[in-house]
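The values are calculated or read from the model by the stated rules, or taken from the named source; none is laboratory data. Predicted, not measured: the structure shown is a model, and the values here were computed from it. Cβ atoms come from the backbone with ideal geometry, glycine included; neighbour counts cover every protein chain shown. For accessibility, only protein heavy atoms count, side chains too; no ligands or nucleic acids. Shrake-Rupley method; radii C 1.70, N 1.55, O 1.52, S 1.80 Å.
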Amino acid sequence: MATVVFPGSFDPITLGHVDIAVRARQLFDRVVIAVAHNSTKAPLLEVDVRVRLAQSAVAHVEGIDVASTDGLLVEFCQAQTAVAIVKGLRGGADYDLERPMALMNRSLSGVETVFLTGDNALSHIASSLIRDVARHGGDISEYVPPGVEVAVLEALRGKS
Ligand code: PNS
């Protein structure tokens, strides 16, 4: 059984993330969405909220699990006996960010990264933009799975 790990901050999960997870599941037996605590960023949503929203977003697809991780990604991959890391690429800027991480992860443990091309129709969707649009009162509902908008607005209220 081939397991892959799809890591990220998922702050919040978007329809672009869901598309990548579902398409990865079509290629591999099991996909583990790894929600990183991510010490380099101050997330809007608590990690347990990000995990719950991700679980709800992929609940309709068998073989996609969600877990949080707080350490080195390659150690999480080893614990999951993953054959690869999966990432989505919306464009060249994503590749520039992902390339050194893929090389570092391979250097650390030999784990390869498989890149899936993001759906063109979803290529403008990024968690950072979703947070920004919501922060300024815009409607994010068409870019995120059900339940995410409410959670984002709640978190923004808590931080204001
Ligand atoms: O969605 P993001 O914020 O771009 O995801 C970045 C993430 C979480 C995949 C990356 O920061 C990561 O892998 N963090 C775990 C710690 C780690 O292994 N760092 C070295 C990566 S080369």
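Counting 0.36 nm for each residue step from D48 to M101 and taking away their Cα separation leaves a gain of 16.6 nm.
For segment 3-159, what is the convex hull volume of its Cα atoms per residue in Å³? Before the final figure, lay out the partial values.
Values: hull volume 16.7 nm³, N = 157.
In segment 3-159, the Cα hull volume divided by residue count equals 107 Å³.
Sparsely packed loop sites in segment 1-83 (the trypsin sites (Lys or Arg not before Pro) outside DSSP H, G, I, E and B with at most 16 other Cβ atoms within 10 Å) comprise K41.
If you place +1 on the Cβ of every Lys and Arg and -1 on the Cβ of every Asp and Glu, how big does the dipole about the Cα centre of the chain come out, in debye to the nearest 20? Can you show the working numbers first?
Values: 14 positive and 19 negative charges, 38 e Å.
With only Lys, Arg, Asp and Glu charged at Cβ, the dipole is about 180 debye.
Between V32 and V4, V5, F6, D65, the built amide H atoms are under 5 Å apart, and every one of these is 5 or more places off in sequence or on another chain. The residues of segment 71-122 expose, per residue, 60 Å² of accessible area to a 1.4 Å probe.
Here is the list for segment 27-103: GluC sites (Glu not before Pro) lying in DSSP coil, each with at most 15 other C-beta atoms within 10 angstrom of its C-beta, are E46, E62. Helix 15-27 and the longest principal axis of the Cα set of the chain meet at an angle near 20°.
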